[in-house]
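Derivation of every value follows stated rules applied to the coordinates shown; laboratory data play no part. This structure is a prediction, so every number in the text was calculated from the model and none was measured. Cβ coordinates were reconstructed from backbone atoms using ideal geometry, including for glycine residues, and neighbour counts include every protein chain displayed.
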Amino acid sequence: MDYIEYKRLFDSILEDPAPAFPYDDDMYLDYTKLNRSRMKRWDKQLVLDERLVFYLKKITSPQHWIIITEPWCGDAAHIVPFLIRMAEQNEQVTYDMQLRDSEPFLIESYLTKGTKSIPKLIARDENGRDIFTWGPRPKGAQELLDKMKAGNADFETIKIALQNWYNDDKGVSLCRELTELFKTDDTNK
């Protein structure tokens, strides 16, 4: 699916009087509603780093990106709009969004420390070989999460802290990390 279809998925979930699993759980439905709002905000205000755009525009060979995500995922709400905007910077880049919890279950091949953490970006060359993978969140957000889990923080406290981290960071860390990947990517030379 593309980004427009992905946003329509949010709408169909939120408008369904009897949504399917896991959205039949009010908690997942609330996350989805909140994440749709976050994505709308990022779509309007996100700014890509100039260095990142420079390296994205230097891509000369076709790349296909696969973005594994889910509407209920808080990290994805902050990251996916940036990934889509990045893909739009170069016609050599195409993308497809896949849901983590639906076939073909590609996430099984891209686990993070044994977990199905999302979002996940898989960049492939024109022959379908992986160039790199990235995800599920910027290093600073991951460090915050790890620290809070080590301190036995409850889920709500962690959720709020990560939300604040993303709001304060404004995508800078994500752009920086992906700039380094594109800067060292052999297909850009």
By count of other Cβ within 10 Å, fewest leading, how are Asp146, Asp96 ordered?
-> Asp146, Asp96
With both partners inside the chain, how many of the DSSP beta bridges are antiparallel, as a percent to the nearest 5?
-> 60 percent
Using only Cα atoms, locate the centre of the stretch 14-46 and the centre of the stretch 124-189, then give the distance between them in Å, rounded to an integer.
-> 21 Å
Taking only Cα atoms, what is the 0 to 90° angle, nearest 10, from helix 139-150's long axis to the longest principal axis of the chain?
-> 30 degrees
Cα-based Debye curve of the chain sampled at q = 0.10, 0.13, 0.15 Å⁻¹ gives log₁₀ I(q)/I(0) of -0.40, -0.69, -0.93
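Can you tell me, using C-alpha contacts under 8 Å and at least 6 residues apart, the relative contact order of the chain as a whole percent? Could you put the intermediate results ahead of the total?
On the way: 243 pairs, mean separation 46.2, N = 189.
Reported relative contact order: 24 percent.
Can you put Thr184, Thr69, Thr94 in order of Cβ neighbours within 10 angstrom, beginning with the fewest?
Values: Thr184 11, Thr69 26, Thr94 14.
So the residues, fewest neighbours to most, are Thr184, Thr94, Thr69.
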Using only the Cα atoms of the stretch 86-189, construct the convex hull and provide its projected area averaged over every direction, in square nanometres to one decimal.
-> 8.0 nm²
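Using the 10 angstrom Cβ neighbour count as an exposure proxy, how do Lys40, Lys113 rank, fewest first? Don't skip to the end; give the middle numbers.
On the way: Lys40 14, Lys113 5.
Lowest count first: Lys113, Lys40.
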Could you work out how far helix 74-87 tilts from the main Cα principal axis of the chain, as a 0 to 90 degree angle to the nearest 10?
-> 30 degrees
